[in-house]
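Q: Here it is: the structure, laid out below.
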């Protein structure tokens, strides 16, 4: 009898290709360069599997275990990238653990010759020091770096609510629609709820939409003209490339580009 695959095993490869590979549309805007939503999902798959291995010495995610063995540095890469993404969002999007991870990244990068520090970390340090040096400030550095008595509510900036995803898809796929029209079609919530959350999550949603429709789906390699027009209209006037397609991998030797393309074709 064939073993039934776990949901993590089913999600693994599409999620990996959705976040650790670059696609042509991601050159249209800085907020499209990394798909932090899928990075966080992939990190969760790896974390659950690693935790099972630590606790029980085994895991039902057999394919994920093999994947981890073949990609031993990927887990730490994801931890770093997701942490930097959350710090970049700011506010309650990161906590004390994220700050400690950022400190590890800083010390690791500082050891390079010459040191090359990620701009996101440098900005975070500048913001923290500026806050500390403010004459009106009463916080210690422990408080500012969220290491002591930190009570601000944490919010996840990368997991998109289903209703907001549906709202964004309607904006893409409905000819002549406005945000106000779309908010009324969605029902409860009011315009501010729909608009504010759309603005918060729209880049993750667009990255997912184009990957699922143009890379994994049966659609052409670019959205139809109506959809393209709406994307330009609601996503900061970006203009999509003629073809939405694979460019290169962030983690795999790009000499294997044809193998990667065949794998993507098999995922359709």
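Q: Of the listed values (1) 1.08; (2) 1.28; (3) 1.12, identify the label whose number matches Cα Rg over 2.2 N^0.38 Å calculated from this model.
A: Evaluating Cα Rg over 2.2 N^0.38 Å on these atoms matches (3).
Q: Ranked highest first by average number of other Cβ atoms within 10 Å, how do 230-243, 75-88, 46-59 line up?
A: Ranked from most to least packed, the peptides come out as 75-88, 230-243, 46-59.
Q: If neighbour count is taken as other Cβ atoms inside 10 Å, put 106, 34 in order from fewest to most. Intermediate results must be reported in sequence, preceding the final value.
A: Numbers: 106 17, 34 22.
The most exposed by this proxy come first: 106, 34.
Q: While we're looking at this one, here's another question. For the stretch 12-83, compute Rh as the Kirkwood radius over C-alpha pairs and then the Stokes-Einstein diffusion coefficient at 20 °C and 1.002 mPa s; write the answer in µm²/s, rounded to an integer.
A: 165 µm²/s
Q: Using only DSSP helix segments of four residues or longer, with each worth -39500 (n - 2.57), what per-residue ellipticity at 222 nm results for the chain after dividing by its residue count and rounding to 500?
A: -18500 deg cm²/dmol
Q: Related question: Find the centroid of the Cα atoms in the stretch 26-79 and in the stretch 101-166, then give the distance between the two in whole Å.
A: 22 Å
Throughout, read-outs are computed from the coordinates displayed, never taken from laboratory work. Here the structure is a predicted model, which is why all the values come from computation and not from measurement. Cβ atoms come from the backbone with ideal geometry, glycine included; neighbour counts cover every protein chain shown.
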